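For reference, the structure is listed below as structure tokens.
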């Protein structure tokens, strides 16, 4: 029996920044991996504010496909997320982050 090799992925985005919000500091994280053809195959978008939420490692909001399906994380709740492309998902995430920050 031949064991199929997992395709090698290349991380093209590894970005972290800190933002003031809700009386403390939140961390915004974006990670993106592509395959050999340049197609986005794995991603992680997260906004974490441990001073506001003790669940899910402080993640307030996030989108990822770490478990083989596209998911939206919000304050500890995980739901399936529609997926058209990484660009569409990233724009949705950043719009939600801005809306959430305005409420804080």
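What follows draws every value from the coordinates through simple rules; no lab data is involved. Only a predicted model underlies this, so the values are computations on that prediction, with no experimental measurement involved.
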Quickly estimate the mean residue ellipticity at 222 nm for the chain, helices only: each DSSP H run with n ≥ 4 gives -39500 (n - 2.57), and the total goes over all residues, rounded to 500. -6000 deg cm²/dmol
Let me understand the chain better: what is its radius of gyration from the alpha carbons, and its Dmax, in angstrom? 15.2, 57
For the chain, find the longest principal axis of its Cα atoms and tell me its angle to the long axis of helix 86-103, 0 to 90°, nearest 10. 10
